[in-house]
Amino acid sequence: MSTPGMPRRVDARANRGRILDVAEEVFGAGGESASTEEVARLAGVGIATVFRHFPTKAALLQAVLVRRFERLREQAEALLDNEEPGSAFYAFFRHLVADAATKIAIGEALLDAGGDGEAFQASNGLRRAVGALLERAQRAGAVREDVELPEVYALLVGMSRAAAHIGPDDEVTVRALAIVFDGLAPR
């Protein structure tokens, strides 16, 4: 026999997940101009349901960004077992750049909504995973040994901002990544 409150909790978890999925799309595309009302409508729930799970727009955006950073960290960690560490590192670098426009839009919407930047703490796990990919690639001889994680992150941020500005599939982005990767290659 099921507990009377159980279906509601299952529904609540499903609603929360759907709200986060939709919010990631809506705010990723619309940035700070997107609304929680649009999220509720597209998620098929009332605005009260959105605010029951996330009391403010900032709380919703923070949850979206934290989940996104966690997903990226998991993807990076999954690549740590790759037989070709250099390919794994460069592929993930490319993936982060391609993912940048949405992540930047959500981050800017969070700051615009009064978020305090706490969500960005979740990026520390991603940073560690990228560091582990870098170390493996260096040990395999695919990345020069004198490069450290702060330089790689500076390149990632710069390329991410550029790709968000000009578009991830643009020929310029592809060529710029080739130049960055050439600079990271061992001499």
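In this structure, ALA176 does not qualify as assigned to a loop (DSSP other than H, G, I, E, B), among the aliphatic types (A, V, I, L, M), over 27 Å from ALA23 (Cα atoms) and out of contact with any Cys (no Cβ under 7 Å at 6 or more places or on another chain). For ALA23, the criteria (1) touching a Phe, Trp or Tyr at 6+ places or on another chain (Cβ under 9 Å); (2) surrounded by fewer than 17 Cβ atoms within 10 Å (Cβ to Cβ); (3) of a type in the set (A, V, I, L, M) hold in every case but one, which is (2). The condition of being farther than 17 Å from PHE69 by Cβ, in contact (Cβ under 8 Å) with a residue 12 or more places away in the chain and in contact with an Asp or Glu (Cβ under 9 Å, 6 or more places away or on another chain) holds for only one of ALA162, ALA113, that being ALA113.
Residues in the stretch 50-67 include at least one that is modelled with pLDDT of 85 or more, buried (at least 19 other Cβ atoms within 10 Å of the Cβ) and not in a helix (DSSP H, G or I). Could you check the stretch 132-167 and list, in sequence order, the residues that are part of a loop (DSSP other than H, G, I, E, B) and either open to solvent by 60 Å² or more (accessible area, probe 1.4 Å) or aliphatic (A, V, I, L, M) (or both)? Answer for the stretch 132-167, where residues must be part of a loop (DSSP other than H, G, I, E, B) and either open to solvent by 60 Å² or more (accessible area, probe 1.4 Å) or aliphatic (A, V, I, L, M) (or both): ALA140, ALA142, VAL143, ARG144, GLU145, ASP146, VAL147, GLU148.
If you go through the stretch 68-102 and pick out every residue that is more than 25 Å from ALA185 (Cβ to Cβ), without any contact (Cβ under 8 Å) to a residue 60 or more places away in the chain and open to solvent by 30 Å² or more (accessible area, probe 1.4 Å), you end up with 4. Among the residues making up the stretch 33-49, those that are open to solvent by 20 Å² or more (accessible area, probe 1.4 Å), modelled with pLDDT of 90 or more and not β-branched (Val, Ile, Thr) are GLU37, GLU38, ARG41, LEU42, GLY44, GLY46, ALA48.
The values are calculated or read from the model by the stated rules, or taken from the named source; none is laboratory data. Quick caveat, the model's predicted, so the values are computed rather than measured. Heads up, the Cβs are rebuilt from the backbone with ideal geometry, glycines too, and the neighbour counts pull from every protein chain shown. When the accessible area is computed, the model is the full protein with side chains, heavy atoms only, and any ligands, DNA or RNA have been set aside. Shrake-Rupley method; radii C 1.70, N 1.55, O 1.52, S 1.80 Å.
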